[in-house]
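Since the structure comes first, as structure tokens, the remarks are kept for the end.
The numbers here are math on the coordinates, done by the rules we state, and not lab data. Being a predicted model, the structure only gives us computed values, none of them experimental. Glycine also receives a Cβ, built like all others from the backbone with ideal geometry; neighbour counts cover every protein chain displayed.
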Amino acid sequence: MSDQAHHYAVAREIDLSRVREICDQYRNISPEEALMPVFQGIQEEYGFVNEAACYEVAHQLNLSPTQVYSSLTFYWIYKWRPGGKHRLFLCEGSGCYTTGTTRLRRVVEERLGIGAGETTFDGKITFQPFSTCMGACEWSPLVELDGEFYGFVDEARMNQLIDELNRQEYDAADQLAAPGSDAQYALVAPAPNSGDASTANVAQISERAPSLTEYEAEQTAQSGPQPNSGNADTR
Amino acid sequence: MQGYQPTVLRNKAISGISAIDTYIANGGYEGLKAALTMTPEEVGKVVSDSGLRGRGGAGFPTGRKWSFLPPQNTNPRPRYLCVNADESEPGTFHDRELIEQNPHQAIEGILITCYATNIARAFIYIRGEMKRGAVMLEQAIAEARAHGFIGDNILGSGYGVEIVVHRGAGAYICGEESALLESLEGKRGYPRLRPPFPAVSGLYASPTVINNIGTLAHVPPIVRHGADWFKQFGTAKTPGPMIYSISGHIERPGNYETPGGYTMNQLIALAGGVRGGRKLKAFIPGGSSAAILPADQADLVMDFDSCTAAGSMLGSSAVIVMDETTCMVGAALRMSEFYREESCGKCTPCREGTYWLVQILERLEHGEGRMEDIDLVASVATNIAGKSFCLLGDSAAPCIVSGIKHWRAEYEAHVTQHGCPFRQH
Ligand SMILES: Cc1cc2nc3c(=O)[nH]c(=O)nc-3n(C[C@H](O)[C@H](O)[C@H](O)COP(=O)(O)O)c2cc1C
Ligand code: SF4
Ligand code: FES
């Protein structure tokens, strides 16, 4: 949720002239090699790659649509349908599992009212738990929100992250809604321990969990290069 | 060994080494300069003599792998180097630290490897989820190019190399070397039948070397300091420093570079002991593909051959520590879910078998299992192993087979108590 965080446009359609431009960036390499970078470009811009884009890529790169489609559907990062504006990933790999992720999943499911792989109906948040390790087990349990890693997440911190999303996404709408109207908290349930679900209450939680980029910077400032110095000098 | 200085994860000792100036000020690219004064064969010989073994999982001697390339006069096709940075084995995160914090050492290793094997084009296949790492690698490559280390005429030697960063898109199987090649060619990441081996017919049917990025980061210090310097570390059969990714129930999880030859107990001590002062129950020496070992084997020396002899494997040296609160059925279930998700679907034993493993383990974990399920799950697991097209299928079995071997009573308790005795997760 920092400045670099990547939010997906809530687009429903892909601009094919933009697809052409993305393909044009890779004219100097073989079409096969270009395929993945092109998909990545489209996925990153729109949050999905649909059938129309698939045909356009095939046409532009002079590959058969079957080949393009077969590659596209193999990799989970490429989505066939638009996802939410925010992507919340929960790592459930073996490293994170041992440090306790089942409770975190429960928090998300209860508060967002969506299960694994689902998106809130207003298209704001997609939740995806993963059995695949995210490759950062030193910070487990690990959550990735909009491309930022959040480490050592416990239930309180998970609640905090959701509060922050809540604040970002629904506060503006709340100001339009009449005070106390039900429209205020249509989607995101309040944290169980945050008591009264008033806007002020949620907005007060300005102290958000630091992302790992910030965490690292802080640790470096405090104690030299690394959170844990791997110098093997205890032997 | 008091005061051991890391030679690969040098960022642990020197802050800011990801910047090229700091890297050069600390002896960076000296290995490349030294290599350029030797013939490619001499460089290959130093690496062979050092006994460096691949850190990607199989522990194959690196120098020997390079020597499999056919002589250029018999196969004139262009040759490629594919650098495996698809690190996705659960529990492994040393390549990520290397890429993000000491990228120039990886790049220097790639350049020396290309020189030794007469390759002009290298691809770094980096895991799709590691976006930050990919950006940092691109940046480091641009810096190295500006300093004349990459390009047509490296440091005036007349020798040229290009390095391309290729991002994957989320598939564990693309770490398997032949699936990686397929993926680089823009196809589905299905493993290939071997032979022909990649050294003869790899990327675009050309001779190809595939190495783990961490393996190649060991090359610059070897070339710079010599094979004997490297062999002073580690054990006789696994020379050199070893990097372990330690995670799970441990006080200070993280990557630890050791001078090699450490036992599991020493590693636990190094990382601050078991979390919360609890008792060690089990550990995995090499990521989720390795068999789980019980605490009484913690005096095991953590190198390739000792781990294999103990019935497990060092694999990607991802050490997962489990304390007495860990449920072995739950852990096996998580790992099986991982293999079910990541099975590429090409062959039946793995595609269907991993699905059934999850089904059976799930009902055991949730207290709906029968006593026969324990042997059933073991038999499904052993029927996947050895009958699958690639090693991913084989990797799904050890966590279950070893779990039942050492903790059968715990599996039985799930049946008799109609649920998980550890129900806190
Ligand atoms: C299912 C599977 C997944 C693998 N994943 C990786 C990986 O993520 N990173 C890696 O370096 N090697 C991985 N390997 C090992 C590679 O196939 C290959 O042995 C290695 O990259 C060779 O490099 P090395 O000789 O430097 O170790 C995997 C192997 C299998 C069977
Ligand atoms: S063993 Fe699994 S991953 Fe390997 S080829 Fe068969 S289905 Fe694919
Ligand atoms: S298991 Fe979650 S990051 Fe590795």
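Tabulated values for the structure
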{"quantity": "Listed pairs B:131/B:187; B:65/B:346; B:33/B:231; B:65/B:231; B:131/B:279; B:131/B:281 exceeding 29 Å between Cα atoms", "calculated": "B:131/B:279; B:131/B:281"}
{"quantity": "All-pairs alpha carbon distance profile, chain B, 10 Å steps from 0, percent", "calculated": "5, 22, 31, 25, 13, 5, 1, 0"}
{"quantity": "Antiparallel bridges, percent of DSSP beta bridges restricted to region A:63-144 (to nearest 5)", "calculated": "35 percent"}
{"quantity": "Calculated log₁₀ intensity ratio I(q)/I(0) where the Debye formula runs over C-alpha points of the protein assembly as shown, q = 0.07, 0.08, 0.09, 0.10 Å⁻¹", "calculated": "-0.46, -0.60, -0.77, -0.96"}
{"quantity": "Chain B: most fluctuating residue of B:62, B:258, B:348 per GNM, C-alpha cutoff 10 Å", "calculated": "B:348"}
{"quantity": "Given charges at Cβ of Lys, Arg, Asp, Glu: the protein assembly as shown dipole, positive-most of A:31, B:93, B:199", "calculated": "B:199"}
{"quantity": "Span-like helix ranges in chain B, DSSP H, alpha carbon extent 18 angstrom or more, Kyte mean at least -1.0", "calculated": "B:103-117, B:131-146, B:328-342, B:348-365, B:371-384, B:398-416"}
{"quantity": "Principal axis dimensions, largest first and in whole angstrom, of region A:3-74 by Cα", "calculated": "36, 24, 24"}
{"quantity": "Antiparallel bridges, percent of DSSP beta bridges restricted to the protein assembly as shown (to nearest 5)", "calculated": "45 percent"}
{"quantity": "Sum of side-chain charges, residue B:318 neighbourhood, beta-carbon under 15 Å (Lys, Arg +1; Asp, Glu -1)", "calculated": "-4"}
{"quantity": "GNM flexibility winner over chain B from B:383, B:73, B:265 (Cα, springs under 10 Å)", "calculated": "B:73"}
{"quantity": "Euclidean distance between Cα centres, region B:279-319 to region A:70-121, Å", "calculated": "31 Å"}
{"quantity": "Counted charge near residue B:199, where neighbours are those whose Cβ lies closer than 10 Å (Asp, Glu -1; Lys, Arg +1)", "calculated": "+2"}
